Amino acid sequence: MSEAVVQWLGEINRLKQQLATTQQELQTSQQNEAGWRQRYTEEAQQRRTEVRLAKDQLEQMQMTLRSLEQGSKLGMNSEADLAAMGQEIMAIADIDLLKERLISTSQECNQVTQALQKEREAHEQTRKSLTSVINDTIEQLSKLKKES
């Protein structure tokens, strides 16, 4: 019986050692998993940032294109001018240079828009003045006809 007990004790010790080894392997695997999860999270965040920046850049280019198209609709630019501007924009490889160009173009667009608005206001004022003068003239003619 003592030999059986010794054998059982040896088996228990071996199983304890195997359990400790398995627990150590589990802990190592969990640490590796946490490391990989962190790397995945960082990579995903980086990709989201890159996508957001690319989306912003695309929106800026679309705004530039729309403003160029509006200028074309207003008759300010010929097709050759628009084609040249499109080639110039595509030739700019440096994002900072493109941003500077976009800012200067936006400022120029704002100035032209303000000048157009002032011209419209002046036109409206002239129209009101002429309408007023015509009304006054009609009233005076009506008075003269009544007096005659």
Cα-based reach from residue 128 at 16 Å (exclusive), listing aspartates and glutamates while leaving out same-chain residues under 8 positions away: 119, 136
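Mind pulling up the Rg/Rh value for region 93-148? Radius of gyration and Kirkwood radius, both on Cα. Could you put the intermediate results ahead of the total?
Working: Rg = 24.1 Å, Rh = 15.2 Å.
We get a ratio of 1.59 for region 93-148.
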Most mobile of 58, 26, 102 in a GNM of the chain (Cα contacts under 10 Å): 26
Computed [θ] at 222 nm, helices only, for the chain once each DSSP H run of length n ≥ 4 contributes -39500 (n - 2.57): -35000 deg cm²/dmol
Bins of 5 Å, starting at 0 and running to the largest distance - Cα pair percent for the chain: 2, 7, 7, 9, 7, 6, 6, 5, 6, 5, 5, 5, 4, 4, 4, 3, 3, 3, 2, 2, 2, 1, 1, 1, 1, 1, 0, 0, 0, 0
Point-to-point label distance, residue 34-residue 61, nm (Cα→Cβ direction, 7 Å offset): 4.3 nm
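Please list the helices of the chain that count as membrane-span-like by this rule: a mean Kyte-Doolittle hydropathy of at least 0.0 together with Cα atoms stretching 15 Å or more along the helix axis, each helix being a complete DSSP H run. Spell out each step's value before the answer.
On the way: long enough: 2-73 (104 Å, -1.24); 79-91 (18 Å, 0.38); 95-147 (77 Å, -0.91).
Helix filter hits for the chain: 79-91.
Among 89, 134, rank each residue by its count of other Cβ atoms within 10 Å, from fewest to most, as a rough exposure measure. The partial results should precede the final answer.
Details: 89 16, 134 10.
Listing 89, 134 from fewest to most nearby Cβ atoms yields 134, 89.
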Label-point separation, residue 116 to residue 13 (7 Å along Cα→Cβ), nm: 9.3 nm
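Laboratory data are not the source of any read-out in this text; all were calculated from the coordinates shown. For clarity, every value in this text was computed on a predicted model and none was experimentally measured. We place every Cβ from the backbone using ideal geometry, glycine too, and count neighbours over all the protein chains shown.
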